[in-house]
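Asker: Quick one: this structure, given as structure tokens, is what I'll be asking you about.
The values are calculated or read from the model by the stated rules, or taken from the named source; none is laboratory data. Just so it is clear, the model here is predicted, and its values are computed rather than measured. Note: ideal-geometry Cβ built from the backbone for every residue, glycine included; neighbour counts use all protein chains shown.
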Amino acid sequence: MKFSKYLITLTVWIVLNFPTFAQSTKRVAIIPQPSQVIEHPGVFTIDRMTRIQSDQVFAAVASLFAKQAEIRMSGPQQTKDSVKLILFTLVGKDVVADSAGYRLLITPEKITVSARTNAGALNGMQSLLQLILLQPKMGEVPCAEINDHPRFGYRGVMLDVSRNFFPVSYIKHFLDLMSLYKMNKFHWHLTDGPGWRLEIKKYPELTSKTAWRTHHTWKEWWDSPRHYLTEGDPNAYGGYYTQADAREIVAYAKQRGITVIPEIEMPGHSDEVLAVYPNLACSEKPFVSGELCLGNDSTFIFLKNVLTEVMAIFPSEYIHVGGDEAGQAAWKECPKCQKRIKDEKLKNESELQSYAIRRIEQFLTSKKRKLLGWDEILEGGLAPAATVMSWRGEQGGVTAATMGHDVVMTPGGYCYFDHYQADPATQPLAIGGYLTVEHIYSYEPVPAELDAFKAKYILGAQANIWTEYIPTTEHVDYMAYPRLPAMAEVTWSEKGNRNFDDFKTRLQAHYRLLQRLNVNYCRPSFSLEVGTKFDNQAKKVTVSFKSEQYKPVIYYTLDGSEPTNLSTLYKGSFEVSGSAKVAAAIFENGLFKEKPVKLDVDFHKAIGKKVTYHLPYSKNYVAQKEETLVNGYRGGSLTYGDGQWQGFESNDMDVTIDLEKVDNLKSLAVSFMQQTGPGVFMPDFVEVSLSDDGKEFRKVKTINNDIPLTQSTLTLKDFKFSLSGEKGRYIRVFAKNGQHGFLFADEVIIY
Ligand code: ACM
């Protein structure tokens, strides 16, 4: 064990330990949660007399463990009675049923890792290593019996090294951590417009030229003419892996139970290829489009030559060929592509792409490999034995599984680790989105549409780390941790064995582990989220607070005043009758850690009433469907994807709310959002009309938007109508979608 390094960490930890924060007391805090854990009293103490012994088949696993935990291997003559053993042993199906499973038995005298296969022994070894690193006092391993096996065989992480290049040393660190969390597929996104990263001996220009770009950050390069420089140019930014580097990574990963799946992008995202081999572009010119010409046989010769070298480096059965986001404009204008469409009797450009993927699949199959591609490969017809990575939501996965194809689930809403993980105002710039640890944890990889038979086609799930906005290795750590452990549990642990509160408790100990391993993880946020639950009958609202902190000290007020440590101490959810102005914060040493969160809890007249849509809401942003606008829950200030904001795509919003009786009215408010990047704009105006019978409406008021269309960052606006003196039963709210982009609306609050 690296006592020299860890002792320092340990000392600091003890100083910090006692006063201010709650600590998890879970003794066995393994992530992902094992299938069965039986805790026993006592500990196995690792000391100078501890030795590792192994059956011959697990010698490599045992020596990896010895290296990681810095415990000496035992020779046969050394196993005296006073020596305490950690034993790696081969067992039969009667002891460990699953081929990737293991049993870990820890008694005060001996630790035994039992498994049937190398993968199983590695999984058991990682659980043991975690147990060592998780304890407040390193070296004291709690006694327990653990029986464990994975739910899914595919537990993936993708790292994009094209948008930014990361050296071999970092890839190894990344793989070490992946294996510690039992993730077993490393999808390596090696090629894309911003840089080709793998040496191909037949095409040296791919790395001597297009592994090097004109600007350091992706954004600067993207906003420039997007050119490349020659290796050695003082201004060149980039890098690549030699074939020897890549082989070293493959071997390193294999030792840790990880398969490296290389991705070579085609036919889109190939700007860098066309920059040095413009003859493969429809225009035969560089920098015109990013798509390979599919009418030109040279394209297929090139791809096969590249893939031949790739297959010689990567023994992985799967070869990922991209297939995503290819534009069709160049193919439409290209006589060679059009001739191909005609000759092959294809219907359109989607079928042309499908033709290309099939042709590549035939080649891979002839070499006994399997094709993996992003879900666009479904369009124009899926290649016969292709496996689909479902990223544009879950539909691609559902369709492919229904057709009897294998699927890896990686939908954007749960698996894109380039999205923000906390309030964007507190975070380094990211591509957008909002993906918390808790939201990842809530993911179920088998789509609800699939029956038990079809569910078998779901091989597992994958986290994707695209690196447009992740320029350094420290930043990759930051985006991956602690979200990757959440994904590890989603893919490893049985659904019924997953519980977020329990995960959060275990995660507390993993912060210590990540500190000990010098991982630059994202620290848990001090932000509070207010949860509300409306009881329509009793006209009561139940309020609760949620935070990434473990058992935080929260004070709150209900009159909107700033809370202090003399305000009410939060002890669990509480009820509010009518309305309240909730303000709350997490406190440490008498002061709040972050500005108090404020929320008006409204038990307004429209809650639970019927809403009629005269124009539809967007199929992609249904939120809570017909209940959204009057369910009492207000869309939050972080993202339109929080399940409360309802989208209106291209069309206006036009709804009528039925209050069930003619009533005296005081006010109406409705919120909209603007975020111009994804095309979300404020309405030009919002108009309120009233009616007693639902037929004859009279316009009461219109409010024009005053947020400029140029305001790009996420902005909320409440359109507030005073309705004093007005009466009505039916209330029609109309919002003009002048930009024909998205409107996002929430909660029509009526008093
Ligand atoms: C992707 O995110 N373009 C697969």
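The rows are residues; the columns are (1) acidic (D, E); (2) in contact with a Cys (Cβ under 6 Å, 6 or more places away or on another chain); (3) over 28 Å from N589 (Cα atoms).
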residue: A448; (1), (2), (3): no, no, yes
residue: E474; (1), (2), (3): yes, no, yes
residue: R512; (1), (2), (3): no, no, no
residue: D535; (1), (2), (3): yes, no, yes
residue: S547; (1), (2), (3): no, no, no
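Asker: Among the residues in segment 332-354, are any of a type in the set (G, A, S), farther than 18 Å from A400 by Cβ and either in a helix (DSSP H, G or I) or free of Cβ contacts under 8 Å to residues at least 40 places away in the same chain (or both)? Spell out the reasoning first.
Answerer: At the first step, the residues of segment 332-354 found to be of a type in the set (G, A, S) are 350, 354.
Retained after the next criterion (residues that are farther than 18 Å from A400 by Cβ): none.
For segment 332-354, residues of a type in the set (G, A, S), farther than 18 Å from A400 by Cβ and either in a helix (DSSP H, G or I) or free of Cβ contacts under 8 Å to residues at least 40 places away in the same chain (or both): absent.
Asker: Another one. Among the residues of segment 668-713, write down those that are crowded, with 19+ Cβ neighbours inside 10 Å, within 18 Å of Y640 (Cβ to Cβ) and touching a strand residue (DSSP E or B) at 6+ places or on another chain (Cβ under 7 Å).
Answerer: If the condition is that a residue be crowded, with 19+ Cβ neighbours inside 10 Å, within 18 Å of Y640 (Cβ to Cβ) and touching a strand residue (DSSP E or B) at 6+ places or on another chain (Cβ under 7 Å), then V670, S671, F672, M673, Q674, V680, F681, M682, P683, V686, N705 are the ones that fit.
Asker: Condition check: more than 21 Å from I465 (Cα to Cα), of a type in the set (A, V, I, L, M, F, W, C) and surrounded by fewer than 20 Cβ atoms within 10 Å (Cβ to Cβ). Does A401 satisfy that?
Answerer: Details: more than 21 Å from I465 (Cα to Cα): yes; of a type in the set (A, V, I, L, M, F, W, C): yes; surrounded by fewer than 20 Cβ atoms within 10 Å (Cβ to Cβ): no.
Criteria not met by A401.
Asker: Looking at segment 213-227, which of the residues that are basic (K, R) and touching a residue at least 40 places away in the same chain (Cβ under 8 Å) is surrounded by the fewest Cβ atoms within 10 Å (Cβ to Cβ)? Don't jump to the end; show me each part of the working.
Answerer: Quick first cut of segment 213-227, residues basic (K, R) only: 213, 219, 226.
Filter once more, keeping what is touching a residue at least 40 places away in the same chain (Cβ under 8 Å): 219, 226.
Working: K219: 14, R226: 17.
Restricting to residues being basic (K, R) and touching a residue at least 40 places away in the same chain (Cβ under 8 Å), the top hit is K219.
Asker: Here's something else I'd like to know. Only one of (1) out of contact with any strand residue (DSSP E or B) (no Cβ under 8 Å at 6 or more places or on another chain); (2) more than 29 Å from P167 (Cβ to Cβ); (3) touching a residue at least 40 places away in the same chain (Cβ under 8 Å) fails for Y457. Which number is that?
Answerer: (1)
Asker: Would you check which residues across segment 593-649 are over 30 Å from P563 (Cα atoms) and either among the aromatic types (F, W, Y) or touching a Cys at 6+ places or on another chain (Cβ under 8 Å) (or both) and list them?
Answerer: Result: Y613, Y617, Y621, F648.
Asker: May I pose another question? Quick one: what pairs do we get from segment 111-135, first residue closer than 14 Å to M183 by Cα, second at pLDDT 95 or above and polar (S, T, N, Q), C-beta under 8 Å, 6+ apart or different chains?
Answerer: As it stands, the answer is A119/S99; A119/N184; G120/S99; L122/S179; G124/S114; Q126/S179, since those pairs meet every condition given.
Asker: Inspect segment 646-655 for any residue being part of a strand (DSSP E or B), surrounded by 20 or more Cβ atoms within 10 Å (Cβ to Cβ) and among the aromatic types (F, W, Y) and give the result as yes or no.
Answerer: Yes, there is a match, as at least one residue in segment 646-655 is part of a strand (DSSP E or B), surrounded by 20 or more Cβ atoms within 10 Å (Cβ to Cβ) and among the aromatic types (F, W, Y).
Asker: Here's a follow-up. Hey, does segment 330-352 have a residue that's buried (at least 23 other Cβ atoms within 10 Å of the Cβ), modelled with pLDDT of 95 or more and within 16 Å of the ligand (Cβ to nearest atom)?
Answerer: No.
Asker: Quick test for you: out of T230, T210, T191, pick the one residue that is in contact with a strand residue (DSSP E or B) (Cβ under 8 Å, 6 or more places away or on another chain), surrounded by fewer than 24 Cβ atoms within 10 Å (Cβ to Cβ), in a loop (DSSP other than H, G, I, E, B) and modelled with pLDDT of 95 or more. Talk me through it step by step, then tell me what you get.
Answerer: Details: T210 fails: surrounded by fewer than 24 Cβ atoms within 10 Å (Cβ to Cβ); T191 fails: surrounded by fewer than 24 Cβ atoms within 10 Å (Cβ to Cβ).
Every option except T230 fails the conditions.
Asker: With respect to E309, determine if the residue is of a type in the set (D, E), in contact with a strand residue (DSSP E or B) (Cβ under 6 Å, 6 or more places away or on another chain), more than 16 Å from the ligand (Cβ to nearest atom) and closer than 20 Å to E263 by Cα.
Answerer: Details: of a type in the set (D, E): yes; in contact with a strand residue (DSSP E or B) (Cβ under 6 Å, 6 or more places away or on another chain): no; more than 16 Å from the ligand (Cβ to nearest atom): yes; closer than 20 Å to E263 by Cα: yes.
Spelling it out, it is not the case that E309 is of a type in the set (D, E), in contact with a strand residue (DSSP E or B) (Cβ under 6 Å, 6 or more places away or on another chain), more than 16 Å from the ligand (Cβ to nearest atom) and closer than 20 Å to E263 by Cα.
Asker: What is the one condition in (1) small (G, A, S); (2) within 16 Å of the ligand (Cβ to nearest atom); (3) more than 24 Å from G381 (Cβ to Cβ) that A326 does not satisfy?
Answerer: (3)
Asker: What number of residues within segment 52-71 are outside any helix (DSSP H, G or I) and out of contact with any strand residue (DSSP E or B) (no Cβ under 6 Å at 6 or more places or on another chain)? Can you show your working first?
Answerer: Residues of segment 52-71 that are outside any helix (DSSP H, G or I), as a first pass: 52-55, 70-71.
Narrowing further to those that are out of contact with any strand residue (DSSP E or B) (no Cβ under 6 Å at 6 or more places or on another chain): 70.
So the answer is 1.
Asker: What are the residues in segment 249-282 that are of a type in the set (S, T, Y), within 17 Å of Y203 (Cα to Cα) and more than 16 Å from the ligand (Cβ to nearest atom), if any? Outline the logic, then answer.
Answerer: Looking only at segment 249-282, we keep the residues that are of a type in the set (S, T, Y), and these are 252, 259, 270, 277.
Add one more test, that the residue is within 17 Å of Y203 (Cα to Cα), and what stays is 270, 277.
Residue satisfying the conditions is Y277 alone.
Asker: So, one more: Give, as residue ranges, the strands (runs of 3 or more DSSP E) completely inside segment 543-639 that count at least 2 residues that are of a type in the set (A, V, I, L, M).
Answerer: Numbers: elements: 553-557, 574-577, 580-588, 597-601, 610-613.
Where strands (runs of 3 or more DSSP E) fall fully within segment 543-639 and carry at least 2 residues being of a type in the set (A, V, I, L, M), they are 553-557, 580-588, 597-601.
Asker: Further question on the same structure: If only one of I146, I171 is over 29 Å from G290 (Cα atoms) and either surrounded by 20 or more Cβ atoms within 10 Å (Cβ to Cβ) or touching a helix residue (DSSP H, G or I) at 6+ places or on another chain (Cβ under 9 Å) (or both), which one is it?
Answerer: On the way: I171 fails: over 29 Å from G290 (Cα atoms).
Only one candidate qualifies: I146.
Asker: OK, next. Identify the residue in segment 724-751 that is over 22 Å from D602 (Cβ atoms) and in contact with a Gly (Cβ under 7 Å, 6 or more places away or on another chain) and, among all such residues, is surrounded by the fewest Cβ atoms within 10 Å (Cβ to Cβ).
Answerer: G741
Asker: Over 28 Å from E489 (Cα atoms) and away from the ligand (no atom under 15 Å from the Cβ) - does that describe any residue in segment 387-399? Full working, then the answer.
Answerer: At the first step, the residues of segment 387-399 found to be over 28 Å from E489 (Cα atoms) are none.
No: zero hits.
Asker: Of the residues that sit in segment 437-486 and are within 16 Å of the ligand (Cβ to nearest atom) and under 11 Å from the mean Cα position of the chain (by Cα), which one is farthest from I30 (Cα to Cα)?
Answerer: We begin by selecting, within segment 437-486, every residue within 16 Å of the ligand (Cβ to nearest atom); these are 461-470, 479.
Those still in the list that are under 11 Å from the mean Cα position of the chain (by Cα) too: 461-466, 479.
Values: A461: 20, Q462: 20, A463: 20, N464: 23, I465: 24, W466: 28, M479: 21 Å.
Checked segment 437-486; the qualifying residue farthest from I30 (Cα to Cα) is W466.
Asker: May I pose another question? State all residues of segment 538-597 that are exposed (fewer than 14 other Cβ atoms within 10 Å of the Cβ) and among the aliphatic types (A, V, I, L, M); if no residue qualifies, say none.
Answerer: A538, L566, L569, L591
Asker: Can you tell me which residue among Y241, Y318 is within 16 Å of the ligand (Cβ to nearest atom), in contact (Cβ under 8 Å) with a residue 60 or more places away in the chain and over 26 Å from K342 (Cβ atoms)?
Answerer: Working: Y241 fails: within 16 Å of the ligand (Cβ to nearest atom).
Of Y241, Y318, the one residue that is within 16 Å of the ligand (Cβ to nearest atom), in contact (Cβ under 8 Å) with a residue 60 or more places away in the chain and over 26 Å from K342 (Cβ atoms) is Y318.
Asker: Would you please name the residue that is nearest to the ligand (Cβ to nearest atom), looking only at residues in segment 417-433 that are within 20 Å of A461 (Cβ to Cβ) and surrounded by 20 or more Cβ atoms within 10 Å (Cβ to Cβ)?
Answerer: Restricting to residues being within 20 Å of A461 (Cβ to Cβ) and surrounded by 20 or more Cβ atoms within 10 Å (Cβ to Cβ), the top hit is D418.
Asker: Going through G397, G393, G381 one at a time, which residue ends up being touching a Ser or Thr at 6+ places or on another chain (Cβ under 9 Å) and under 29 Å from R483 (Cβ atoms)?
Answerer: Values: G393 fails: touching a Ser or Thr at 6+ places or on another chain (Cβ under 9 Å); G381 fails: under 29 Å from R483 (Cβ atoms).
Sole residue among the options that is touching a Ser or Thr at 6+ places or on another chain (Cβ under 9 Å) and under 29 Å from R483 (Cβ atoms): G397.
Asker: Take I377 and decide whether it is within 16 Å of the ligand (Cβ to nearest atom), within 29 Å of N296 (Cα to Cα) and part of a helix (DSSP H, G or I).
Answerer: Numbers: within 16 Å of the ligand (Cβ to nearest atom): yes; within 29 Å of N296 (Cα to Cα): yes; part of a helix (DSSP H, G or I): yes.
So I377 fits the description; yes.
Asker: Something else about it: I'd like to check something: does segment 479-494 contain any residue that is of a type in the set (D, E) and without any contact (Cβ under 8 Å) to a residue 24 or more places away in the chain?
Answerer: Filtering segment 479-494 down to residues of a type in the set (D, E) leaves 489, 494.
Of the ones still in play, those that are also without any contact (Cβ under 8 Å) to a residue 24 or more places away in the chain are none.
Within segment 479-494 (the criterion being of a type in the set (D, E) and without any contact (Cβ under 8 Å) to a residue 24 or more places away in the chain), the answer is no, since none of the residues qualifies.
Asker: Okay, next question. Within segment 444-522, which helices (runs of 4 or more DSSP H) (wholly inside it) include 2 or more residues that are surrounded by 20 or more Cβ atoms within 10 Å (Cβ to Cβ)?
Answerer: In segment 444-522, 473-480, 483-492, 500-516 are the helices (runs of 4 or more DSSP H) which contain 2 or more residues that are surrounded by 20 or more Cβ atoms within 10 Å (Cβ to Cβ).
Asker: Restricting attention to segment 208-264, report how many residues are of a type in the set (F, W, Y), touching a helix residue (DSSP H, G or I) at 6+ places or on another chain (Cβ under 6 Å) and within 16 Å of L159 (Cβ to Cβ).
Answerer: In the first step, residues of segment 208-264 are kept if they are of a type in the set (F, W, Y); the result is 212, 218, 221-222, 228, 237, 240-241, 252.
Okay, now just the ones that are also touching a helix residue (DSSP H, G or I) at 6+ places or on another chain (Cβ under 6 Å), so 228, 240, 252.
Still in the list and also within 16 Å of L159 (Cβ to Cβ): 240, 252.
Of the residues in segment 208-264, 2 are of a type in the set (F, W, Y), touching a helix residue (DSSP H, G or I) at 6+ places or on another chain (Cβ under 6 Å) and within 16 Å of L159 (Cβ to Cβ).
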